[in-house]
1. Could you tell me which of the residues A:129, A:80, A:93 is closer than 13 Å to residue B:103 by Cβ and more than 7 Å from chain B (Cβ to nearest Cβ)?
2. Being surrounded by 15 or more Cβ atoms within 10 Å (Cβ to Cβ) and in a strand (DSSP E or B) is the filter here; which residues of region B:200-231 pass it?
3. When you go through (1) within 15 Å of residue B:84 (Cβ to Cβ); (2) touching a helix residue (DSSP H, G or I) at 6+ places or on another chain (Cβ under 9 Å); (3) buried (at least 22 other Cβ atoms within 10 Å of the Cβ) one by one for residue B:119, which number turns out not to apply?
4. Considering only region B:237-259, I want to know if a residue exists there that is crowded, with 19+ Cβ neighbours inside 10 Å, modelled with pLDDT of 95 or more and not in a loop (DSSP other than H, G, I, E, B).
5. Just to be sure before I move on: is residue A:137 within 9 Å of chain B (Cβ to nearest Cβ) and on the phi > 0 side of the Ramachandran plot in the structure I sent?
6. Here is a check on your reading of the model: is residue B:144 more than 9 Å from chain A (Cβ to nearest Cβ), part of a helix (DSSP H, G or I) and touching a helix residue (DSSP H, G or I) at 6+ places or on another chain (Cβ under 7 Å)?
7. What are the residues in region A:74-126 that are part of a strand (DSSP E or B) and within 24 Å of residue B:195 (Cα to Cα), if any?
8. Could you tell me which numbered condition residue B:109 fails, if it satisfies all but one of (1) over 12 Å from residue B:174 (Cα atoms); (2) more than 9 Å from chain A (Cβ to nearest Cβ)?
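The values are calculated or read from the model by the stated rules, or taken from the named source; none is laboratory data. All of these numbers come straight from a predicted model, not from anything done at the bench. Cβ coordinates were reconstructed from backbone atoms using ideal geometry, including for glycine residues, and neighbour counts include every protein chain displayed.
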């Protein structure tokens, strides 16, 4: 059995502007290559900072439940997490995580799926809270939120993907938070290729708090504001003038009905996970279109929670442009796919209609619960697409 | 912007028993905290060992395609990969990867799903090949396999989960390979909690080679045997006497028909991914059973590839035991769930029927394509279950 072990006391300092623990003796990275990790855990290392002195983590008989030892949520701010490959940046308030794109996160074309990207955004956001020392045992809820029986709910998400990360690529994901109105929080992300430095994707989102029992939105309690506002910065990943997403109705061109959440679609909050929403949305777009196009932007406006017993309907409608406007006579109607194809050919062709290159194909989406009496909106969406590039020029042999 | 950078020349030596490159100057770990990674990449570091001298990676005009720089598959054996948190062990032939269980890899109960575990097995297996320097740009295929137009196909997989990893838990996944008959390969895994040292799960699998064009199984060419056999060891993660899985037919008690692979279910080999099979299998078990039980073992016997145009049927049947044998009279038949529940109560109760504790609930599974003329088996399965423990004793506040 191979065995090596070394500890580095690095020149890293926790760049904190606030009053969290900043013990430089904790800035150690432990690399440990033995099979018996238990006896090698350094009680001062970054990842073994479980605080036995914290009341919240001691069970009634005084022992620490084994699950907490295994989970080991930090109770104080951490500046480096070698296992998560996470790092506090931005003067002590932002978070960067280095991630390798895994084999099961890519599709048949060996590039990361949109779902994988959204999953990684969620993961890095939670790890940011994890590193902050503020994480309670919920889905990103702080200790103050738990005391007030509050959970986070996302109200809006906008992601832009310029280049999809590829299998095995090492990417840096930066995330940070800022104020959004009086009671909300903005969270942004930037994904960069480590090999080229190129920005691959960016995203912004807004979050509000909901009472876990009443399921009603809540103001941000002062206690919570005091926890999170020291982490707020102004920087924005996407400069945008949000556009209203119109509401689709039963006349929408494409529709998938009778979608039922599966057990495996529920997340730690016992709701259908946002990423599942996106899958339902995109699966409603015709295959032929998906074959030739890749998503470059998605905006999601969340309206209502979706629980495990809801029956969901997914509607979508391609956006129409003036020059390609729909002929009101159904008989003369040119198939939409042909029109898109035409538009794309014009765009990619001789540039006769140069202004068209500002008109990528777009779809409007709606997910709604379909009750017997009425429908209720879950999420509205807008997606923007571009023509797929030819397959990657890897040598076949 | 935070910035730090340091390089460690560690005492790690590549413990290789074979002739791969073992340049100690490459045993450097680079930790880099700047936003401009491009200018900081150390051309001698473990993760930047892209070899411009390799013919296979040079395009016709002599330049290296950008995708290859981004993907950066090593052409020589690596002993440490700090980004994958991977390490060559077992005297130079095994692989260990440290993984943090991510928020989207767990279900509503905050423990990793079986699908996530299977995904991580796939990922570590591929990273083992990645580290070996043998990986071509396929799904684990070596250079010799690519030259012979061969791909890997899994013929059998057996996974046992004693304890499900929990959200945020740091686990070490060890994987290694061995011979399986004359033309096959065995691959095993062991998943351990780093905090407790406890083995959480183990798995074994057998693999054979298939001609990518003819889709027929192939002997292992000598060229490929020479590549991979130096990596073979005898150790087994699971000592087992494989039991034949009987074939279900249309009389199976539970059935889901008309299952259609989605675009997102296809992997890099353009086939429905194995993990999707497992989802289809488990979704056929009644919800009421899944509510109270968790899977402790799964055996999969693969028979046939499943492509994107196949329509799939999932059958399953609970195993019957002597004492709880099915009453042939349908009217008197006790519902299976009640019988399982009864059995579990007896097992967990006063031990009157001590021998029953060797009879956990089991299901037999079959996935088949459902053509108009005939059905073809895709995979047979056997699952074993145990009663779920009560929810984790985390403090709610």
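1. Going through A:129, A:80, A:93 in turn, just one is closer than 13 Å to residue B:103 by Cβ and more than 7 Å from chain B (Cβ to nearest Cβ): A:129.
2. Within region B:200-231, B:200, B:201, B:202, B:203, B:204, B:205, B:206, B:207, B:208, B:209, B:210, B:218 meet the criteria.
3. The number of the failed condition is (3).
4. Within region B:237-259 (the criterion being crowded, with 19+ Cβ neighbours inside 10 Å, modelled with pLDDT of 95 or more and not in a loop (DSSP other than H, G, I, E, B)), the answer is no, since none of the residues qualifies.
5. So residue A:137 does not fit the description; no.
6. For residue B:144, the condition - more than 9 Å from chain A (Cβ to nearest Cβ), part of a helix (DSSP H, G or I) and touching a helix residue (DSSP H, G or I) at 6+ places or on another chain (Cβ under 7 Å) - is met.
7. Selection gives A:80, A:81, A:86, A:87, A:88, A:97, A:98, A:99, A:100.
8. (2)
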